[in-house]
Each structure stands twice: as C-alpha cells, then as structure tokens.
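The structure appears right after this line, and notes come after that.
Values in this text are rule-based calculations from the coordinates and carry no lab data. Quantities reported herein were computed from a predicted structural model and do not represent experimental measurements. Cβ atoms come from the backbone with ideal geometry, glycine included; neighbour counts cover every protein chain shown.
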Amino acid sequence: MSDAPLDGGEALLAACRDLGADYIFSSAGSEWAPVWEALARRAEADPGSGGPRYLDLTHETIAVAMATGYAMETGRVQVVLLHAGAGLLQGANAVHGALLTGVPMVVCSGESAGYGDGAGRDPGSQWYRNLSVVGGPQALAAPFTKWACAANDVSVLYGMVRRAGELAAQPPAGPVYVNTPVEVLLDEWRPAAAGPVPRAAGVVAADEDVAAAARLLAAAQRPVLAVESAGRDPAAFAALVELAELLAIPVVEPQSAVCTNFPRSHPLHQGSDLVALAADADLVVLLGCRSPWYPPSAKPGSATVLVIDEVPHRPYMAYQVLTADHYVSGAAAPTLRAIAARVRDLDAGAVEERRARLASAHAAADGARREAEQRALGATAGAVDPVAVAAALRDLLPADAVLVDETITHSRTIARHLMADQPGRYRYVQGGLGQGLGVALGVKLALGAERMTALTVGDGSWLYNPVLPGLMAAAQYGLPLLVVVFSNGAYRSMQMNHLRAYPEGAAVRTGNFLGVDLSAQPDAAAVATAAGAAGFTVASTGQLAPALEKAMTAVRGGQSAVVNVQLTR
Ligand SMILES: Cc1ncc(C[n+]2csc(CCOP(=O)(O)OP(=O)(O)O)c2C)c(N)n1
Ligand SMILES: [Mg+2]
C-alpha cells in the first residue's frame, strides 16, 4: 500500500466496516471516486482483506431496494451510496419503502461545497452546472428518513456515518441519510481511535405493563389478536404461537399484514377479517400493527384495545389512530414471553371451549380454500385463475423458499393460498411500486445460492421495476430469481378506485376508463429472454405447473426466470 495520506473515501469505508455492513449497495456517481480508490488500494494491498463487499448496481431503486431486502433478512445495517440529489431522488421511492419496512440503512450521496473555486482537487464542473440542490440533498431526504444531515468537514465524516448507522439500527429501525460533499471525500483524513460499535439496545416492556396485559388476557371472554409485522422476527413468531396456544386466542393477519406472522395452517389462524372478529370481541390485541382497520377511527365493536409494539406510535405516519386503552412498549419476542409467563387464573373450561370452536372455524375456512383451489386448478379453457397460481406456487416452491410479493389486487389471494407456515416465507413489498425486483435480489443475496427466492408481481408493478438493471445484477452477482408476473393486462386497482368514487359516472357509461389499460405492454417473457433470463408465457391452467417447473430448473442452474401468467382477473 502506498503511504499517500488517507482521505475521506477511506473514512467512509472505515465507518462502513466498523458498522459491520456486509455490503455497500451502490449506484455510481462522480463523488465516489475516493471510495473506489480506497477499495482499489485495499484490494491491491491485500485482496483477501475483510470489510464490506462493494456492489456496482446500475439503478438507484435496485441499490436501495436490495439493501432493504438484505437488511430485512439479516437485521444488520447496510450502506447505500447514491449520486448527489439526482440519485437520491431516483432512489427516494425505495428509501421511503425502507422506512415503512423498518430496516436499518445508511444512505449517502454528495454535493459540492466549493464548485471548483475551492482549494484542493477539482470536483468537476457537473457539480456547478447540474447537481446543486438548494438547502442541500439532506433537505430532500428529511421527510422519508429517520434523520438526515450533512458531513461538512472530513474530521466528522467517520463519526457521523458511524453514528448514522447506530441511529438507523435503534428502534424503530429505518434509513438515515448523510450528505457527503465531494470536497470532504477528497480531503485528507486523520483517523482517531474509535472503539467497536455496540449492538442496538432493545426496548424492554415495563413490568407493570406486562402484568396488566396478562390480567386483561386472562380475563377476556372473546379476545382476538391482530398482527401485521411482528413475525418478521422468528423468535417473536414462536413466542406468539406459544401465547396464542396458551390462551386459545384467535390470530388474524389483516390486509395490512406484511409478512408471515403466524402459521396459516394453525387451527388458531382465523384469516384476515379483523373487523368481523373484532365486532363482538371484548379484547382486541394489536401486536405490531400500524393500521389494522380503515378508516382509522372505525374501530370495530366496543372491545378494550391492548397495543403491544416495540414503538407503538409509528413516527413516520402522519396520522394513526389505534384507539388504544393500554400500551405495552417492548420488543415483541421477550414481551410476549413475559406476558405468557404472567398469565394466571385462566378459565380452563372457557379456553378449551374457545379452542374447539376456533378449530372448527379454521377447518371450515380451509375447506372453502381447498374448494376454491379445485375449481381454479380444474379450469380447462382460457386464461388462468390467480388462485391457481398461488396454489401452484405453494405446492411447487421448496419448503424453505421465500416469496416476495409486489402484487396489488392479487396479494390477498397469494397470502391466503400460499399457506405460509414458517417465519420469512412471505414478505410484502412496502411503499411505492417498482421495488420488488430489488427487494427480492437483496433477500436472495442474504439467503444464499441454495434458497429459492421468488417474486410475484402485478404486470403494472413490473413495468415500474428497473427490469434491465435488476436482471443484470441477478446475472452479475449470481442471484437468480423466479419472477411470476400476474398479468391481467391492466392496472385493475386503478379501475376499482375509479368505480368506488364514480359507480355511475361517465367512464362506466361509456367504458372510457383512463389509467387502467396495459394492453400495449411488451411481452414480459420476451423482454426477460432478451436480457439473458429464461422467459415463459402461461396462457392456460394446464401450462402453469410445467412452466413453473422449467423456470425453477433454470433458477437452480443459475439463470433467472420470468413466468408471465395471463390471468382471468
Ligand atoms: C411508484 C408508484 N406509482 C404509482 C402508484 C399507484 N398505483 C397503485 S396500484 C397501481 C396499479 C398496479 O397495477 P398492477 O401491478 O398490474 O396490479 P393490479 O391493479 O392489476 O392488480 C398503481 C399505478 C404506486 N403505488 N406507486
Ligand atoms: Mg395488473
């Protein structure tokens, strides 16, 4: 290694390494030459040296969404490098998605401090001509990050990025933003001694709140528990099963659920209709829920509401009405275990009666599900029923496969028929459309070559995804995905919205619906093939299983596969 003085690029890299970031997810920009140089220097000196691996990605949405998928699987803070205000704006949709998902992430991009008039190295004329943002790029990032700031001097760069990473991991986890000006990255850096980064501290529920929750649960005659996201932590998933079994409490995953929270085949799983179950409940437990019913004030029934969440008030929600009567603030797994340990004086007869009643309700719902699948899979002519696609994926995907979902009108069908029984099996993409491919790539990166990762995506949502940069990253980094496009030839959800507002309007009278028609979309299978992936088109139910099998064979062989399924609805 040369004995040239260290610079800001080295400082940033040192902070990433000390934060324990496994990867730097990057989309190129001219401010990053100092980091590239530092990485090249490191590789020259010691090719086997540790530290984060750098991923060269070709679209900001892919870079950020990959970091989201990876952090979602691992829980570890990752670093994303974007370009100036432009790259931040391009990636902003996915940064907002990371905020909603609650994953720890440090996002950096630069600006110029001297515009070429300052001393030192030349930042380049583009910073003067095109790239300045009044108020600095941190002003752009502020509304959709936990914290956004500028590192205005190289002396604070290492410390600021490090603290940003610690902040990102602190509950509620989320993305933070650091503006790293070009001149700061190019400046000479003198490292100071810094100790290891401590693990983020957990939130421990107060003893009196745990005791109160246990009393409420033991006394309830008709309790119901709704859960949206707590199952992302496998320990919380297990703790919820234990508590639910102890109390024979029905568990509901409302439409707002974003992951597998409770085994679908468990007799206590009671589907997704919280409003119906809560209507005559005496206790509603909201576990890790941010928006369990809609409209916000329309709490069903008159039950007492017990909210259990690491941070019950989601700070990034502009409006949130949980109508809570009691809060328990604590990380889900230890809190649920603590509550279970405190439950006393259960009415055993009532609990067993409830258990039997819920088991038969579950069996009835399951029978209806099977019938729907038989009907869908038995269809012989025409396009494919989405129920058949969801059921086929359930039956054909390996038991340890993960399904990332970016469908809109089909998401409930997928959640219902996938019958996910393990934590991590199902993950819904949060935030604006176009992130699914990146999130799935990040999940695949975390899971490794042996684990199948599938993306289900609406045809409209697929058009929002940076398909070419995503398939390129899949090939370049050995991250083959199975993509199943739910093609109904439309933004069906937009039409449903229109119909809700104007059920007898001019569009209904004349059939002139705008914002709906996707009949001009390119053939997703042909696009995939052109980009080096395997492409399949499924036009009838009989073609479905063979195409999925072939696609999975391609994926096992290292090639991504896109299966475009033409749907009845
Ligand atoms: C970035 C972004 N732009 C626009 C929207 C608005 N939007 C929500 S759903 C939707 C249509 C999705 O179409 P598709 O994936 O085909 O699902 P379908 O409605 O047909 O089920 C649109 C345009 C959005 N959510 N995000
Ligand atoms: Mg569609």
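Classify segment 258-327 from the C-alpha gyration tensor, please: rounded if a/c falls under 1.5, else prolate or oblate depending on whether a/b exceeds b/c.
It is oblate, given that a/c is not under 1.5 and a/b is not larger than b/c.
With unit charges on the beta carbon (Lys/Arg positive, Asp/Glu negative), name the residue among 477, 419, 458 whose Cα is farthest towards the positive pole of the charge dipole of segment 410-482.
419
At a Förster radius of 22 Å, what calculated FRET efficiency corresponds to the Cβ-Cβ distance of residue 519 and residue 412, to the nearest 0.05?
0.30
Quick check: residue separation of residue 353 and residue 17 times 0.36 nm, minus the Cα distance between them. What number comes out in nm?
Result: 115.4 nm gained on full extension.
Please work out how much length the chain gains when fully extended from residue 318 to residue 204, using 0.36 nm per residue of separation minus the C-alpha to C-alpha distance, in nm with one decimal.
Numbers: separation 114, 0.36 × 114 = 41.04 nm, distance 2.59 nm.
Net length gain for the segment: 38.5 nm.
Take residue 381 and residue 325, extend 7 Å from each Cα along the Cα→Cβ direction, and tell me the distance between the two endpoints in nm.
Once both label points are built, they end up 5.7 nm from each other.
Classify segment 207-362: rounded, prolate or oblate, from the alpha-carbon gyration tensor (a ≥ b ≥ c, eigenvalue square roots; a/c under 1.5 rounded; otherwise prolate if a/b is larger than b/c)?
rounded
Separation of segment 241-320 and segment 51-84 by C-alpha centroid, Å?
32
How do 131-138, 105-112, 552-559 rank on mean C-beta neighbours within 10 Å, highest first?
Top to bottom by mean Cβ count within 10 Å: 105-112, 131-138, 552-559.
What is the log10 of I(q)/I(0) for the chain, computed with the Debye formula using one identical point scatterer on each Cα and no solvent, at q = 0.06, 0.11 Å⁻¹?
With no solvent term, the Cα-only Debye profile gives -0.33, -1.06.
Measuring from centroid to centroid over Cα atoms, what is the spacing of segment 527-569 and segment 456-503 in Å?
15
Classify segment 135-193 from the C-alpha gyration tensor, please: rounded if a/c falls under 1.5, else prolate or oblate depending on whether a/b exceeds b/c.
Oblate, because a/c is 1.5 or more while a/b does not exceed b/c.
Can you list the residues, at least 5 places off or on another chain, whose amide H is less than 5 Å from the amide H of residue 53, using H built in the peptide plane?
Correct list: 23, 24.
Sketch the reach of a paramagnetic label on residue 156 as a point 7 Å from Cα along Cα-to-Cβ, and name the residues of segment 128-143 whose backbone nitrogen lies under 20 Å away.
133-143
For residue 44, project a label point 7 Å along Cα to C-beta. Then give me every residue of segment 96-126 with its amide nitrogen under 20 Å of that point.
Once the point is set 7 Å along Cα→Cβ of residue 44, 121-122 turn out to lie under 20 Å by backbone N, inside segment 96-126.
How do the peptides 346-355, 452-461 rank, highest first, by the average count of neighbouring beta carbon atoms within 10 Å per residue? Please report the intermediate quantities before stating the final value.
On the way: 346-355: 13.0, 452-461: 26.6.
Descending packing order for the listed peptides: 452-461, 346-355.
Beyond 15 Å, what percent of the Cα pairs of segment 22-110 remain?
Tail of P(r) above 15 Å: 56 percent of Cα pairs.
Rounded to two decimals, what is Rg over Rh for segment 338-454 when you use alpha-carbon atoms and the Kirkwood radius?
Values: Rg = 18.6 Å, Rh = 17.1 Å.
On the Cα set of segment 338-454, Rg over Rh gives 1.09.
Specify the angular offset, from 0 to 90 degrees and rounded to the nearest 10, of the alpha carbon long axis of helix 386-396 from the longest principal axis of the alpha carbons in the chain.
80
May I ask you to order 374-382, 535-543, 309-317, 277-285 by the average number of other C-beta atoms within 10 Å around their residues, highest value first?
Details: 374-382: 12.8, 535-543: 18.8, 309-317: 16.7, 277-285: 21.6.
The peptides rank, most packed first, as 277-285, 535-543, 309-317, 374-382.
With the contact rule set at Cα under 8 Å and sequence spacing of 6 or more, what percent relative contact order holds for the chain? Kindly include the intermediate steps, with their values, before the conclusion.
Numbers: 1237 pairs, mean separation 74.9, N = 569.
Once normalised by length, the contact order is 13 percent.
Just to confirm the number: angle between the C-alpha axis of helix 492-501 and the first principal axis of the chain, 0 to 90 degrees, nearest 10?
Approximately 70 degrees, to the nearest 10.
Enumerate by residue number the trypsin sites (Lys or Arg not before Pro) in segment 184-247 meeting two conditions: DSSP loop (anything except H, G, I, E, B), and at most 13 other Cβ atoms within 10 Å of the site's Cβ.
When the trypsin sites (Lys or Arg not before Pro) of segment 184-247 are filtered for loop state and at most 13 Cβ neighbours within 10 Å, 199 remain.
Residue by residue through segment 213-230, what is 3J(HN,Hα) from phi via Karplus (6.51 cos²θ - 1.76 cosθ + 1.60, θ = phi - 60°)? Round to whole Hz and write x for glycine and proline.
Values, residue by residue: 5, 4, 5, 4, 5, 5, 7, 5, 8, 10, x, 9, 10, 10, 9, 9, 9, 4 Hz.
If you average 1/r over all unlike Cα pairs in segment 82-217 and invert the result, what Kirkwood radius do you get in angstrom?
16.7
Between segment 113-176 and segment 1-26, how far is it from one alpha carbon centroid to the other, in angstrom?
Cα centroid to Cα centroid, the span is 16 Å.
First select every other residue whose beta carbon is under 13 angstrom from the beta carbon of residue 429; then total the charges, Lys and Arg +1, Asp and Glu -1.
Numbers: positive: 427; negative: 405, 406.
The answer is -1.
Would you mind computing, in nm to one decimal, how far apart the modelled labels at residue 139 and residue 497 are, each placed 7 Å from Cα along Cα→Cβ?
Those two pseudo-labels are separated by 2.9 nm.
Put a dot 7 Å past each Cα toward the Cβ at residue 569 and residue 121; how far apart are the dots in nm?
For residue 121 paired with residue 569, the spin-label model returns 6.0 nm.
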